Amino acid sequence: MNDEHNGPSTTPLNNSDYVKWFRHSSPYINAHRGKTFVIMFEGDAIAHENFTNVIQDIALLNSLGVQLVLVHGARPQIDSVLKTLSIKSDFHQGFRITDDAALNAVKAAVGMVKADIESLLSVGVPGSPMHGSRIRVVSGNFVTAKPKGVIDGVDFQHTGEVRRVEHQAIRELLQQHNIVLLSCAGYSPSGEMFNLAVEDVAQQAAISLRADKLLILGNDSGLINEQGQIIQQLTSTQLQQYLPELSGEAHSHAAAALNAVKQGVPRAQLLSYAEDGALLQELFTREGNGTLISQEAYDQLRAANIDDVAGILGLLKPLEDQGVLVRRSRELLETEIHRFYVIERDGLITACAALYPYSDKQAELACVAVHSDYRGSNRGQRLLEQIEQQARQRHYQQLFVLTTRTAHWFVEQGFVAGKVSALPQEKQQAYNLQRNSKVFFKSL
């Protein structure tokens, strides 16, 4: 996930762009192979015109070696059956009260949805995107349920909660290259069937399987803020604070994601089933898609180490070629790597900066660089804050920076223009008159 949302492109890729995209996606193909993803979608998704594309993307993931557990809902399908039978269904606290008549509708609807999904995953006619995929889909009584009981004096009857997920049996099926399909229904040891919330099944499956990711497909492309923009990423702590502001589907999906992450699932993602290719964008591009929920911040800001040299060199080279930064050799960078801080995402160094001491009172901020794909985010500010924090801890009183192209940015960050004569003596002697860099200072 990137800090900035980029919508899907509607322009077809030319051959060069396609090759470039495919090469950029290859690290993710390797990273996801053998990983376990739980993908949840509501009954509304199944009825949507884009669902065929979602199924095709799921088939592609399966062919690339991703172990997939699909969890489907069936609320609109249940409503349709109830309407046909002229049966009224009541709700309490957002949950259906499943009496005997409603349970029969649940059985019928869940069976139809299951059959529809299995048939879509079986398409393999020549000329179709799934030709030759040969997907095996397995479903069964993998979810043990218990009654929800009586709440506020209301008996939920055949509405239940997940008691246990048979994770070992599911794991064995996944290792045999099957897709496992779970429904919004569970069974008690006494043979009773219970109507379950699809979010409950999905989060418990992800937790029990120790899944690498929980992907929740909803109507919206993630969580939307007050300005109508997609919230790109949240830590579990941030989402916990934000959750009371949400309602409806956004609340139920976010709560499921939060619970999964808090109980050990590394990442959960809220995506749209209506957006063509959202699943592939999330898994095979750096920008990602939707809203990412993680235990810790997705981008890691840390001190650089010797393994980061190649990444930093790759980050600096375009700016060196443009004359924005002074060129540094690999050998020099290796000896100075302890002065650098980096921001890393999925193994890619997306930003860096360095702190060079020149006296007991002054230190230089140098090599501030942000990857071209991530400019416009707050990475530069985050690195500057880290550098300033380190400088204060070392009791420096002033930071200075030399720049030829980005003077305005440093002014915006509180730096003030100064004279070369105000630089430490050693830096004055090394000052390159031909570059004619502007000098800025910031008191700490």
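The values are calculated or read from the model by the stated rules, or taken from the named source; none is laboratory data. Here the structure is a predicted model, which is why all the values come from computation and not from measurement. Backbone-built Cβ (ideal geometry, glycine too); neighbour counts: all protein chains shown. Note: accessible area is taken over every heavy atom of the protein model, side chains too, but ligands, DNA and RNA are not part of it. Shrake-Rupley method; radii C 1.70, N 1.55, O 1.52, S 1.80 Å.
Among residues that are touching a strand residue (DSSP E or B) at 6+ places or on another chain (Cβ under 9 Å), hydroxyl-bearing (Ser, Thr, Tyr) and assigned to a strand (DSSP E or B), Tyr396 is not included. Just one of (1) farther than 19 Å from Thr403 by Cα; (2) of a type outside the set (Val, Ile, Thr); (3) at pLDDT 95 or above fails for Leu365. It is (1). Out of (1) assigned to a loop (DSSP other than H, G, I, E, B); (2) open to solvent by 50 Å² or more (accessible area, probe 1.4 Å), what's the single condition that is false for Arg382? Condition not satisfied by Arg382: (1).
Counting residues in segment 420-431 that are acidic (Asp, Glu), open to solvent by less than 20 Å² (accessible area, probe 1.4 Å) and at pLDDT 90 or above gives zero.
Within segment 312-322, the set of residues being open to solvent by less than 30 Å² (accessible area, probe 1.4 Å) and closer than 13 Å to Leu348 by Cβ comprises Ile312, Leu315.
Residue by residue through segment 356-378, note down the ones that are open to solvent by less than 10 Å² (accessible area, probe 1.4 Å) and either farther than 18 Å from Val324 by Cα or assigned to a loop (DSSP other than H, G, I, E, B) (or both). Passing the criteria: only Ala363. Among the residues of segment 19-44, those identified as surrounded by fewer than 20 Cβ atoms within 10 Å (Cβ to Cβ) and of a type in the set (A, V, I, L, M) are Val19, Ile29, Ala31. Scanning segment 229-279 for residues that are part of a loop (DSSP other than H, G, I, E, B) and of a type in the set (D, E, K, R) gives Glu275, Asp276. Picking from residues in segment 297-311 that are open to solvent by 20 Å² or more (accessible area, probe 1.4 Å) and not in a helix (DSSP H, G or I), the one that is farthest from Arg382 (Cα to Cα) is Asn305. For Gly323, the conditions (1) part of a helix (DSSP H, G or I); (2) in contact (Cβ under 8 Å) with a residue 12 or more places away in the chain; (3) within 23 Å of Lys438 (Cβ to Cβ) all hold with the exception of (1).
Filtering segment 49-71 to residues that are among the hydrophobic types (A, V, I, L, M, F, W, C), in a helix (DSSP H, G or I) and more than 25 Å from Ala185 (Cβ to Cβ) leaves only Leu60.
For residues in segment 326-351 being among the aliphatic types (A, V, I, L, M) and outside any helix (DSSP H, G or I), which is farthest from Phe284 (Cα to Cα)? The extreme case among them is Val326. Would you check if Arg375 is without any contact (Cβ under 8 Å) to a residue 12 or more places away in the chain, among the charged types (D, E, K, R) and touching a helix residue (DSSP H, G or I) at 6+ places or on another chain (Cβ under 6 Å)? Judged against the criteria, Arg375 is not a match. Condition (residue is closer than 25 Å to His24 by Cβ and either of a type in the set (S, T, N, Q) or modelled with pLDDT of 95 or more (or both)) applied to segment 237-251: is it met by at least one residue? So far as segment 237-251 goes, no, none of its residues is closer than 25 Å to His24 by Cβ and either of a type in the set (S, T, N, Q) or modelled with pLDDT of 95 or more (or both).
Just one residue in the set Asp299, Asp308 is in contact (Cβ under 8 Å) with a residue 24 or more places away in the chain and within 23 Å of the chain's Cα centre (by Cα); that residue is Asp299.
If you check Ser119, Ser80, Ser86 for being surrounded by 14 or more Cβ atoms within 10 Å (Cβ to Cβ) and outside any strand (DSSP E or B), only one passes: Ser80. Residues in segment 237-271 that are closer than 18 Å to Met40 by Cβ and among the hydroxyl-bearing types (Ser, Thr, Tyr): Ser252 only.
Of the residues making up segment 388-419, those that are hydrophobic (A, V, I, L, M, F, W, C) and open to solvent by 50 Å² or more (accessible area, probe 1.4 Å) number 4.
Of the strands (runs of 3 or more DSSP E) lying entirely inside segment 150-228, those carrying at least 1 residues that are over 11 Å from Val38 (Cα atoms) and open to solvent by 10 Å² or more (accessible area, probe 1.4 Å) are 160-165, 185-187, 193-195.
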